[in-house]
Amino acid sequence: MKIIIPVKRVLDPYTQARVNNQTQQVDLTNAKMAMNPFCEIAVEEALTLKESGSASETIAVSIGTDKTVDTLRTALAMGVDRAIFVKTDSELDLQPLHVAKILANIIKREEAQLVIMGKQAVDNDNNQTGQMLSGLIDYSLGTFISKFDLSADASSVEVCREIDSGIETRKLNLPAIVTVDLRLNEPRYASLPNIMKARSKPLETIELSSLEIDTAPRIKVVSVEESGTKDRASKQISSAEELFNELNQMGVL
Amino acid sequence: MSALILIELNGSEVSANSRAAITAASQLSDTIDAIVLTNDASNSSSVSSLAGINTVKMIVDDSLENANVEVASKLIADVMSGYSFLISGSSTYSKNILPRVGALLDVQPISDVCEIKSNNTFVRPLYAGNVMATVESSDETIVMTVRATAFEHSGDGGSASVETISASMPGSNSEFISLQESESERPELTTAERIVSGGRGLGSKENFTLIEQLADKLDAAVGASRAAVDAGFISNDYQVGQTGKVVAPKLYLAVGISGAIQHLAGMKDSQVIVVINNDPDAPMSRMADLVWQVDLFDALNELNAYQV
């Protein structure tokens, strides 16, 4: 069984996003970039399956300009067998619908039975691509998963989903797509020898234009503005009595 | 132009999320219909009495009690002709289903809308809410989820007509097994007026009960940081933040939470923020209205013993 793991290169999640007011875009020039944390969890889960003998091959896929190769090399260094790089000409504004269409193409070509991916990317926070991909290729879908148990014959998977009311358990027959949540596993770090080894692992480049997918934007970003947390005039207090008095005065009790 | 609301039910009650979606729809459309996927036809009554709804479209089938997303998205996509908008409140329910409907309709959905500028222009958060983007859609049908904290929750007082749609259930390759629901008598996190939230500083599941005691005293909901959930002090559905729940209560009382940006993203719009922590440099303290720099156990014991 082949596993496809789509991964995304994003602004490092511990870096503050800054807006360039001239371009009306988030300024990524010289910014520290990283693999989307949810994608790291997806890679880890795929590697665990490979190591347990349940998967024949793990394939990371990413889409973007040349710099995207860094993220694929990270996946290879973590242990993925090979990578597919879908190369775009410029900083094309690809939206989840486009990404899902591109991934659908790759998955069909590879005849992959299982797709493991992050539930959202921490830049655009859309939380859409896995769901849309499932709609396009009619694979069964398990979103926001915190537990993944493949059946012994690898024909189905039982997943626990973290939902607003608690934990839901579902059985998905393969082929399936799962989108992973934070508590599924603890992703490994790439060791130095593995980083070296990753350089010689196969990385195939596909020109996006060769896939003949309509990438006309459906959504145009008109403007962006920073709306970070605003500091407040913090008043120091020092007792329960003082706290209750303040809250009463503010009328919030 | 007419709008269809995907209604989310909690038991037989209409969720606050769905009520926010109705308010959002009223800014876009004069005709608002609702669709309900349920196993119980009598659930139409709570939906038809919502203010502002024209027609309630009921799809009733035993299998829809815990509907498979493959089935739900197909059923919704099939009733979309004639509608310009499909709107639902942001929740794990809608975030599971709506993007899949979007793919079936070949449209690009818009997540977590916080403000409506015009019929095709919306404001939504990026980067855990640190950036707000104004986006314009060119799709003919607009599929979107809206933040329940950004729109008023529409009330009752309507008398919509009810139409039962006899749809054949599409096939599906997945099945529901079980739901482990968190039972709580406390107010629901996303709609509570007051929230007492605990972090890693609590140290253990047993100590976390001090947070619950204080919440009961204040008639508040209980919340938690990711670190507290990861450590197993409390279950996932209490997590506040970028990937958990987004809240905007009158009072947010944070105990032992340092304030990672992912957590701040989920509560920064709270009216009054109180921080109890012994670390004066914690990011959380900077956005507090009131700060009590103290050993958190001393503070919790004093607060829980205090006679209001």
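The values are calculated or read from the model by the stated rules, or taken from the named source; none is laboratory data. The structure displayed is predicted, hence computed values, not measured ones. As a convention, Cβ positions derive from the backbone with ideal geometry for all residues, glycine included, and neighbour counts pool all protein chains shown.
Residue-by-condition table, conditions (1) within 14 Å of chain B (Cβ to nearest Cβ); (2) modelled with pLDDT under 95; (3) part of a strand (DSSP E or B):
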site	(1), (2), (3)
A:ALA17	yes, yes, no
A:THR29	no, yes, no
A:ALA34	yes, no, yes
A:ILE41	yes, no, no
A:ALA46	no, no, no
A:VAL69	no, no, no
A:THR74	no, no, no
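Answer yes or no: is there a residue in segment B:6-13 that is part of a helix (DSSP H, G or I) and of a type in the set (D, E, K, R).
Among the residues of segment B:6-13, not one is part of a helix (DSSP H, G or I) and of a type in the set (D, E, K, R), which makes the answer no.
Looking only at segment B:77-98, which residues are more than 11 Å from chain A (Cβ to nearest Cβ) and of a type outside the set (S, T, N, Q)?
B:ASP78, B:VAL79, B:MET80, B:GLY82, B:TYR83, B:PHE85, B:LEU86, B:ILE87, listed by residue number.
Among (1) facing chain A (nearest Cβ under 8 Å); (2) assigned to a strand (DSSP E or B), where does B:VAL101 come up short?
B:VAL101 satisfies all of (1) facing chain A (nearest Cβ under 8 Å); (2) assigned to a strand (DSSP E or B) except (2).
Of (1) more than 8 Å from every other protein chain (Cβ to nearest Cβ); (2) crowded, with 18+ Cβ neighbours inside 10 Å; (3) of a type outside the set (S, T, N, Q); (4) closer than 28 Å to A:ASN124 by Cα, A:ARG183 satisfies all except one. Which?
Answer for A:ARG183: the failing condition is (1).
Just to be sure, is A:THR215 of a type outside the set (Gly, Ala, Ser), more than 8 Å from chain B (Cβ to nearest Cβ), more than 30 Å from A:LEU49 (Cα to Cα) and surrounded by 15 or more Cβ atoms within 10 Å (Cβ to Cβ)?
Considered against the rule, which asks whether it is of a type outside the set (Gly, Ala, Ser), more than 8 Å from chain B (Cβ to nearest Cβ), more than 30 Å from A:LEU49 (Cα to Cα) and surrounded by 15 or more Cβ atoms within 10 Å (Cβ to Cβ), A:THR215 comes out as yes.
Name the pairs: first residue in segment A:101-130 and in a helix (DSSP H, G or I), second residue basic (Lys, Arg), Cβ to Cβ under 8 Å, at least 6 apart or on different chains?
A:GLU110/A:LYS2; A:GLY130/A:LYS119
I need every pair where a residue in segment B:170-190 that is more than 9 Å from chain A (Cβ to nearest Cβ) has its Cβ under 7 Å from the Cβ of a residue that is loosely packed, with under 13 Cβ neighbours inside 10 Å and in a strand (DSSP E or B), sequence separation at least 6 or different chains.
As it stands, the answer is none, since no pair meets every condition given.
Of the residues that make up segment A:74-93, is at least one within 24 Å of A:LYS197 (Cα to Cα), crowded, with 21+ Cβ neighbours inside 10 Å and among the charged types (D, E, K, R)?
No: zero hits.
All but one of (1) surrounded by 19 or more Cβ atoms within 10 Å (Cβ to Cβ); (2) facing chain A (nearest Cβ under 9 Å) hold for B:GLN293, so report the exception by its number.
Of the numbered conditions (1) surrounded by 19 or more Cβ atoms within 10 Å (Cβ to Cβ); (2) facing chain A (nearest Cβ under 9 Å), the odd one out for B:GLN293 is (1).
I'm trying to understand the selection: among the residues of segment B:123-152, which are facing chain A (nearest Cβ under 7 Å), assigned to a strand (DSSP E or B) and either in contact with a Phe, Trp or Tyr (Cβ under 7 Å, 6 or more places away or on another chain) or of a type outside the set (Val, Ile, Thr) (or both)?
Selection gives B:PRO125, B:LEU126, B:MET132, B:ALA133, B:VAL135, B:GLU136, B:SER137.
Considering only segment B:8-28, state which residues are more than 14 Å from B:ASP156 (Cβ to Cβ), surrounded by fewer than 24 Cβ atoms within 10 Å (Cβ to Cβ) and either among the hydroxyl-bearing types (Ser, Thr, Tyr) or under 11 Å from the mean Cα position of the chain (by Cα) (or both).
B:GLU8, B:SER26
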